[in-house]
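Below is one structure, written out as structure tokens; comments come after it.
The values are calculated or read from the model by the stated rules, or taken from the named source; none is laboratory data. Just so we're clear, the structure is a prediction, and the values are computed from it rather than from any experiment. A quick note on method: Cβ atoms are made from the backbone with ideal geometry, for glycine too, and the neighbour counts reach across all protein chains shown.
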Amino acid sequence: MVVKSSYIVQVSVISALLLVSVLSIIQLGTAQLSGKFTADLQPRAGSNATGKATLETGDGKTITYTITATGINSNITNVAISQDTGSGRAPDVVTLKASPQSGLAQGSGNNELSGNFTATDLMGPLEGKSIADFVKAINDGKIIIRVSTMPFPLGEIYGTVNVGGNETMMTGNMTGNMTGN
């Protein structure tokens, strides 16, 4: 009798754990995509510049960004978000500024660029994908922001984007069922 009772308890516990797991997966599948991401931008050898990037999404369709840089006194040629593909390359997935565009003032030493982008702006390995795919890449530690200048074409400052910030943490389904618009 004791053996049968012990078996029933074990089966009940396993069943309960499976049910909780299924419910958690269902909840994640319907959660909203919103939150804040940050990156500390560090200098390459030979530069004293630093920076900070903040990305935020509230609706799961638009990413709002602010990138600040201090100590960059050269012409800023490009501000981009790249994705580490594991191949030793990090192709751009969003171009935030190219040299003829306005933004990050040149030569002032203190610079800021802000704006937003949607899934239609994604390119490279994320072209045709959704903001949820972009967020998944952040959670996987694969998204890098870099600010390039004439002396540092591969990025004078750069950093990996991390989940969370000073106020909020990213919540929701990172693989979502969201559309690209």
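A few comments on the model shown:
- Inside the range 104-132, residues that are in contact with a Ser or Thr (Cβ under 8 Å, 6 or more places away or on another chain) and modelled with pLDDT under 85 make up a count of 5.
- Applying the condition of being hydrophobic (A, V, I, L, M, F, W, C) and closer than 11 Å to Arg44 by Cβ to the range 154-170 and asking which residue is modelled with the lowest pLDDT yields Leu154.
- Taken together, the residues in the range 120-159 that are part of a strand (DSSP E or B), among the hydrophobic types (A, V, I, L, M, F, W, C), under 18 Å from Thr64 (Cα atoms) and more than 12 Å from the chain's Cα centre (by Cα) amount to 1.
Yes/no per residue for (1) of a type in the set (S, T, N, Q); (2) surrounded by fewer than 18 Cβ atoms within 10 Å (Cβ to Cβ); (3) modelled with pLDDT of 90 or more:
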site	(1), (2), (3)
Leu33	no, no, no
Phe37	no, no, yes
Arg44	no, yes, yes
Asp59	no, yes, no
Thr66	yes, yes, yes
Ser74	yes, yes, no
Asp84	no, yes, yes
Pro91	no, yes, yes
Ala98	no, yes, no
